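Novice: So that we are looking at the same thing, I have put the structure below in C-alpha cells.
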Amino acid sequence: MAALTPISRTPVSFYVPVVAAAGAVAGLLVGTAQGSSLLGIGIGALLMAALAFVTTQVARAETPSRWAMVGLLGIAGFVMGGFAAAIIGALFGWFFGWFSFWLYEGRYRAYVAPYLTPGQVLWHYTFRVICGAILVFLITPILVVMPLSFNAEDFFTFTPEMLRFDPAGYSLKHYEDFFTNSDWQNALANSVKIAPMATLLSVSFGTLAAIGLSQPHVPFRRAIMAILISPMIVPLIISAAGMYFFYSRIGLQGTYVGVVLAHAALGIPFVIITVTATLVGFDNSLTRAAANMGAGPVTTFFRVQMPLILPGVISGGLFAFITSFDEVVVVLFVGSAGQKTLPWQMFTGLREQISPTILAVATILVIISIALLTVVEMLRRRSERLRGMSPG
Amino acid sequence: MAADGTTLKSSLNRALRRQKLRALALIAPLLIFVLVTFIAPIADMLFRSVENQIVSETLPRTTAMLKDWDGDSGEIPSPETFEALYKDMFVAKERKLHTRLGSRLNYELTGVSSLFRKSGRKIEDMGEVYQDQFEDLDKFWKDSENWNALMGSADWLAAQNAWDPRSEAIQPAFEPNEQIAGILPETSATFQTFADFVQNEDEKNLAKQDPWALVYSALYNDLSAGADVSGYNGPGSAALKAAMAAVGDFETVDYPASFQEIDKDWHDIDVWQTIQTYSPDFTSGYFLNAVDMKKSPDGAEMRPENEQLYIKLFIRTLFMSLVITGSCILLGYPVGWILANLPARTANLLMILVLLPFWTSLLVRTSAWKVMLQQQGVINDTLVWLGVVADDSRLALINNQTGTIIAMTHILLPFMILPLYSVMKTIPPSYLRAAKSLGATNWTAFWRVYFPQSVPGIGAGSILVFILSIGYYITPELVGGTTGTFISNRIAYHISSSLNWGLAAALGAILLAVVLGLYWAYDRIVGIDNVKLGG
C-alpha cells in the first residue's frame, strides 16, 4: 500500500511520554509478577522513556539501536528469571525499539488519510489493536492446545519445565499413547470406516438432486429445498433424539448402517448448497452442444458437466466428510459401543477420565482441518476462475 | 403446426412436462432418502410426544372398566375393576411389562413404580387360591398335557405331539377346541393368551408348561357362572363335570381386599385417578409436563413451586443464547469491519484466522476451553502469575454459566463474522467519506450511514448464532456444570438416563418449534438460498 501522507519527525515532547506510558503498562505486568506493581510502573516508564530518548536523540542510528534494545532487555530478563524471561525481555526490547522509532519518525501517519485529526489517528490504531485482540481470542485455544500436547507431565497447564524451555519438560508420550492405546485406535478405525461411507452416500445422492434442482422448471422447488436443507437447521440433539427413537423401532439403532445413514442425512445439506452454488454458473448450452454432437446423457454428464462442477462436488464432499468425522451428538445416541468414533472417545475422555492424550488427538485434528481448509480454499478459487468470476 | 400435425403449443407442453419429470426423477432418490432417514425420525419424535398407548395396552381390561368410574365420588372402583386389574397385571407380569408401566405412571404420580413392582411380585399368590383348590379336587388339573387335551383342537394336539422340540421345525401354533370355547369362553380365551405367550414370546414347549394361575381363576369364573358342561364328551369331560359340581363350595378371592393386602395404596383414589387420566391412547401430559404443568381431574394445573423446572430452563436457555448472540455481535462487528475494509491480500490472510477455528473440530475447541478455563488451567495460572488474583481465590470459570458463555461465544463467533463480512463488503466506503465531507462527525457518519446498511448482516448473523446456540448440547454438557446447561442437556438426560422418552420428545418438539420459527424469520430476512459456507 502506497503511503498516503508525507511524514516528518515528531517532537520529543510527543513520543517520549507515549513510550513512557507504554513502558508503564509493561512495567505493571512485570512488576505485579515480581511482587510490586507501583515500583514496576515507575521503573518501566522511566526506563523506556530514557531508552527512547537515548536511541533517537543520542545514538540516532536506527538499526543498531533497536538491536541494542533487544539485547539489553533480553539480558535484563535473563538476570531476573532465566531463559524464558530472557525471551520475553527480548520481545519487549524488539517492540519498544520498533515503537520508539515508529513514533519518532512519524511513520504512524504514513498510511492514514492526511486530513485525520490526532484523535482519529489514535482511534484508528486503537481499533486495530482491539481487532487484533479478538482475532487472537479466536485462535488462542488452538495455539494453547498444540504446545500443551507435548507436555511431559499429565497436566493440562504449562509446567515450570516447559516455561523454562527445558527439553525434559516436553515429550511425545501423549502421541505415543494415542497410537498404541487400543481404545483410541478403535475409535480412529471406526471414524475412518463411517465417514467415507456417509460422504459417498451424501455426495452421490446430493449431486444428482442438485442437478435436478438446478433445472429451469422444478415443481415445488421451495418445499423440496426446505426438506433437503432441514438436517442442517434442526438442532442436532433433536435429530439425535428422533433418530434414536425411530432407528430403535426399525432395528437400526446401534448398527454401523444406522450411523452411516444418519451421518449421510446430516451431510446432505452441505453437498446440496455447494453443488447448486457451482451449478449457478454452469452454462446449459454446453450440454445441448454435447447432445448436438451425438453424446448421450450419461456421456454428457461424465465428460462435460462433471469436470466443470467437480470443484463444487469435492468441496461439498469435504464438508460432508468433516460433518461426519466431527459429529458426536447423533453417533452418541444412534451408535453403540461398537461404533465409538474419535469425537465420541474424546467426549467421554473429557467427561470422565480426562487424559492429556485428548490434546494430542486435538492437535492431529487441527492439522487435518488446516489441510482440508487449504483444499477447499483452492477449489473455491479454481471454480471461480473457471466460471470467470474473479481474475485471480 | 409442426410437420407431424401436433400444434406447437402442445409439443412445447410435452417437452416441458418431460423436463419437469426428469428433474423430479433426479431429485427423487435423495428426497426419499432424506424423508426416510431424517424426516421420519422427526415425525416419530413428534408422535412420541403425545403417544400414550402403554397404559391401555398393558391394562386393557382395567382401562375399559375405568371408563365409567367417577373419581370425584371418593369411592374406590368396583370389585370387577379390581378383578380386571388382577388379570391385566398377571399377563403384564408374565410379559415383564408391569415395571415399564409402573415407571411410566411414576412420572405422573410418585410411588406408582414401586407399587407396581411390589404388586407384580405378589400377584401370583392371588390366583393360586383357585389353582390349589382345583388341583386338590382332581390330579387331572395339575398336568399340562391334560390342559392341552382339554383346550386344544384335535388337529393341533396331533401336530403338537408329533413335533420334535429338538428339531428346527416351528412349534405348531395353538388352536382352540371350538366346543370348549363355546362352553368355557373366558377359560379358552385366557388359555389362548397363555399358549400364545409360551409359544411365541417365551419360545418354550407348550406341552411342558403348566398353565398360569390366571387360567384357573378363569375356569372358576366360567364354572361358577353356570357353564353348560353336560353336552361335552371330549377329553377330560369327567374332571370338568366333577369340578362343575364342586365350584359352589370353593373358597373365593376378594380382589379389592387382596390388592389392599399387597399395598394399601391400591385403595388410594389418586392411584386410580392417575390410571384413568392416562388411559387414552394420546395424551397432552408430556407437553404439560414440559411446561411445568400437570394433569389433574379438574384439568391442567401448575406443578408445585419446588417441582417447577422446565420453564426456568427454557428461560435460561433463551437468556444465555441472547447473551452469546450479543457478545458475538460485539466481537464480530469490529472484525467484520476490518476484514471488509482492509486491502484484499491482508484481509485474506486475516480471514484464515477466522476460518481456522470454523473448520476445527468442535470437540477440539471445547477441550481447549476446558483446559484453559480450569482452576489449574492456563488462564487462572496466568492471572495468578500476574498477581491479579490470589492463588487461593482462583476464578471459577468452568462448570458454570461463565464457562458456557465464553466457550460458545468463541465457537459461534465465525458464524457471526462471515455474514457480517459478506454484507459489509457490499457497502461502498465512499458513502462514509461523503457523509464526512458533508460535515458529519465520525460517530454520526457511522451511526446514521454505515450502521443501518450493515443491519442485514447483523440480523443474519444473529439469527444464525441464536438458532445454533439454543440447540447446543456438547459444549454446555462439557463446560456448563449444573448451572450452565441448556434445555438440550435435559432432553439428552431424559433419553439416556431417566428413560422418560415422551417428556424428552415433548421438550424436543417445543425446541423444534422455536427453531423453525426462527428459521422462517431467517428465510424471510436473508433467504435460505443465500446461505454461504466458508466465506
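Novice: Could you say whether any residue in region B:211-234 is in contact with an Asp or Glu (Cβ under 9 Å, 6 or more places away or on another chain), modelled with pLDDT of 80 or more, not small (Gly, Ala, Ser) and not in a helix (DSSP H, G or I)?
Specialist: yes
Novice: Would you pick out the residues in region B:247-282 that are over 24 Å from B:SER114 (Cβ atoms) and among the hydrophobic types (A, V, I, L, M, F, W, C)?
Specialist: Across region B:247-282, the qualifying residues are B:VAL247, B:PHE250, B:PHE282.
Novice: While we're looking at this one, here's another question. If we scan region A:379-386, do we find a residue that is surrounded by 16 or more Cβ atoms within 10 Å (Cβ to Cβ), within 11 Å of chain B (Cβ to nearest Cβ), in contact with a helix residue (DSSP H, G or I) (Cβ under 7 Å, 6 or more places away or on another chain) and at negative phi?
Specialist: yes
Novice: Quick one: how many residues across region B:369-384 are farther than 17 Å from A:ILE134 by Cβ and either hydroxyl-bearing (Ser, Thr, Tyr) or within 9 Å of another protein chain (Cβ to nearest Cβ) (or both)? Let's see the steps before the verdict.
Specialist: We begin by selecting, within region B:369-384, every residue farther than 17 Å from A:ILE134 by Cβ; these are B:370-371, B:373-378, B:380-384.
Okay, now just the ones that are also either hydroxyl-bearing (Ser, Thr, Tyr) or within 9 Å of another protein chain (Cβ to nearest Cβ) (or both), so B:370-371, B:374, B:376-378, B:380-382.
The number of residues fulfilling the criteria is 9.
Novice: Considering each residue of region A:60-113, count those that are farther than 30 Å from A:THR5 by Cβ and not hydrophobic (A, V, I, L, M, F, W, C), and give that number.
Specialist: Total satisfying the criteria: 6.
Novice: Check off (1) in a helix (DSSP H, G or I); (2) farther than 30 Å from A:ASP154 by Cα for A:ILE358 and give me the number that stays unchecked.
Specialist: All conditions are met except number (2).
Novice: List the helices (runs of 4 or more DSSP H) inside region B:1-102, counting only whole elements, that have at least 1 residues being within 14 Å of chain A (Cβ to nearest Cβ) and either surrounded by 18 or more Cβ atoms within 10 Å (Cβ to Cβ) or not charged (D, E, K, R) (or both).
Specialist: Passing ranges, in order: B:8-34, B:40-48, B:53-58.
Novice: Considering each of A:PHE156, A:PHE137 in turn, give the residue that is in a loop (DSSP other than H, G, I, E, B), buried (at least 16 other Cβ atoms within 10 Å of the Cβ), out of contact with any Ser or Thr (no Cβ under 7 Å at 6 or more places or on another chain) and facing chain B (nearest Cβ under 10 Å).
Specialist: Result: A:PHE156 is the single residue among A:PHE156, A:PHE137 that is in a loop (DSSP other than H, G, I, E, B), buried (at least 16 other Cβ atoms within 10 Å of the Cβ), out of contact with any Ser or Thr (no Cβ under 7 Å at 6 or more places or on another chain) and facing chain B (nearest Cβ under 10 Å).
Novice: Could you grab me the full set of residues in region B:126-148 that are in a loop (DSSP other than H, G, I, E, B) and crowded, with 17+ Cβ neighbours inside 10 Å?
Specialist: Answer for region B:126-148, where residues must be in a loop (DSSP other than H, G, I, E, B) and crowded, with 17+ Cβ neighbours inside 10 Å: there is none.
Novice: Within region B:509-522, identify whether any single residue is more than 12 Å from chain A (Cβ to nearest Cβ) and in contact with a Pro (Cβ under 8 Å, 6 or more places away or on another chain), and answer yes or no.
Specialist: Looking through region B:509-522, none of the residues is more than 12 Å from chain A (Cβ to nearest Cβ) and in contact with a Pro (Cβ under 8 Å, 6 or more places away or on another chain).
Novice: Could you pull out the residue among A:ASP154, A:ASP166 that is touching a Pro at 6+ places or on another chain (Cβ under 6 Å) and not assigned by TED's automatic domain parsing to the domain that holds A:PHE83?
Specialist: A:ASP154
Novice: Please go through region A:355-378 and give me each residue that is more than 9 Å from chain B (Cβ to nearest Cβ), at pLDDT 85 or above and touching a His at 6+ places or on another chain (Cβ under 9 Å), ordered by number.
Specialist: Answer for region A:355-378, where residues must be more than 9 Å from chain B (Cβ to nearest Cβ), at pLDDT 85 or above and touching a His at 6+ places or on another chain (Cβ under 9 Å): A:THR357, A:ALA360.
Novice: Just need a number here: residues in region A:140-152 that are more than 7 Å from chain B (Cβ to nearest Cβ) and either without any contact (Cβ under 8 Å) to a residue 40 or more places away in the chain or under 24 Å from B:PRO414 (Cα atoms) (or both).
Specialist: The number of residues fulfilling the criteria is 6.
Novice: Here is a follow-up. Specify the residue that is surrounded by the fewest Cβ atoms within 10 Å (Cβ to Cβ); the eligible residues are those in region B:329-364 that are more than 19 Å from A:THR374 (Cβ to Cβ) and at the interface with chain A (Cβ under 7 Å from one of its Cβ atoms).
Specialist: Taking the candidates together, the pick is B:PRO343.
Novice: Hey, among B:GLU301, B:GLU261, which residue is more than 14 Å from chain A (Cβ to nearest Cβ), under 25 Å from B:LYS87 (Cα atoms) and either free of Cβ contacts under 8 Å to residues at least 12 places away in the same chain or touching a His at 6+ places or on another chain (Cβ under 6 Å) (or both)?
Specialist: B:GLU261
Novice: So B:ILE417 fits all but one of (1) out of contact with any Gly (no Cβ under 6 Å at 6 or more places or on another chain); (2) facing chain A (nearest Cβ under 10 Å); (3) assigned to a helix (DSSP H, G or I); what number is the exception?
Specialist: B:ILE417 satisfies every listed condition except (1).
Novice: Now a separate question. For region A:300-352, what are the residues that are touching an Asp or Glu at 6+ places or on another chain (Cβ under 8 Å) and without any contact (Cβ under 8 Å) to a residue 12 or more places away in the chain?
Specialist: A:ARG351
Novice: May I pose another question? Consider B:ILE123 carefully, then state whether it is over 27 Å from the mean Cα position of the chain (by Cα), without any contact (Cβ under 8 Å) to a residue 12 or more places away in the chain and crowded, with 22+ Cβ neighbours inside 10 Å.
Specialist: When the stated conditions are applied, B:ILE123 does not pass them.
Novice: Next question, about the same structure. Of the residues A:VAL25, A:VAL18, A:VAL54, A:VAL58, only one is among the β-branched types (Val, Ile, Thr), over 28 Å from B:TRP385 (Cα atoms) and modelled with pLDDT of 85 or more; which?
Specialist: After ruling out the rest, the residue left standing is A:VAL54.
Novice: So which of B:TRP385, B:TRP443 ends up being of a type in the set (Phe, Trp, Tyr), at pLDDT 85 or above and over 47 Å from the mean Cα position of the chain (by Cα)?
Specialist: Numbers: B:TRP385 fails: at pLDDT 85 or above.
Among B:TRP385, B:TRP443, only B:TRP443 is of a type in the set (Phe, Trp, Tyr), at pLDDT 85 or above and over 47 Å from the mean Cα position of the chain (by Cα).
Novice: Now for a separate question. Based on this model, can you work out whether B:ASN380 counts as modelled with pLDDT of 85 or more and within 31 Å of the chain's Cα centre (by Cα)?
Specialist: In short, no.
Novice: Can you spot a residue in region A:179-201 that is modelled with pLDDT of 90 or more, facing chain B (nearest Cβ under 9 Å) and either farther than 30 Å from B:LEU518 by Cβ or more than 24 Å from the chain's Cα centre (by Cα) (or both)?
Specialist: yes
Novice: Give B:THR475, B:THR444 a once-over and let me know the one that is within 12 Å of chain A (Cβ to nearest Cβ) and part of a helix (DSSP H, G or I).
Specialist: Answer to the selection: B:THR475.
Novice: Given (1) under 27 Å from B:LEU85 (Cβ atoms); (2) at pLDDT 80 or above, identify the lone condition not met by B:ASN148.
Specialist: (1)
Novice: Continuing with this model, one more query. Counting only residues that are more than 13 Å from chain B (Cβ to nearest Cβ), among the polar types (S, T, N, Q) and over 32 Å from the mean Cα position of the chain (by Cα), give me the helices (runs of 4 or more DSSP H) lying completely in region A:234-306 with at least 1 of them.
Specialist: Passing ranges, in order: A:285-292, A:297-300.
The values are calculated or read from the model by the stated rules, or taken from the named source; none is laboratory data. Please read these numbers as outputs of a predicted model, since none were measured by experiment. Cβ coordinates were reconstructed from backbone atoms using ideal geometry, including for glycine residues, and neighbour counts include every protein chain displayed.
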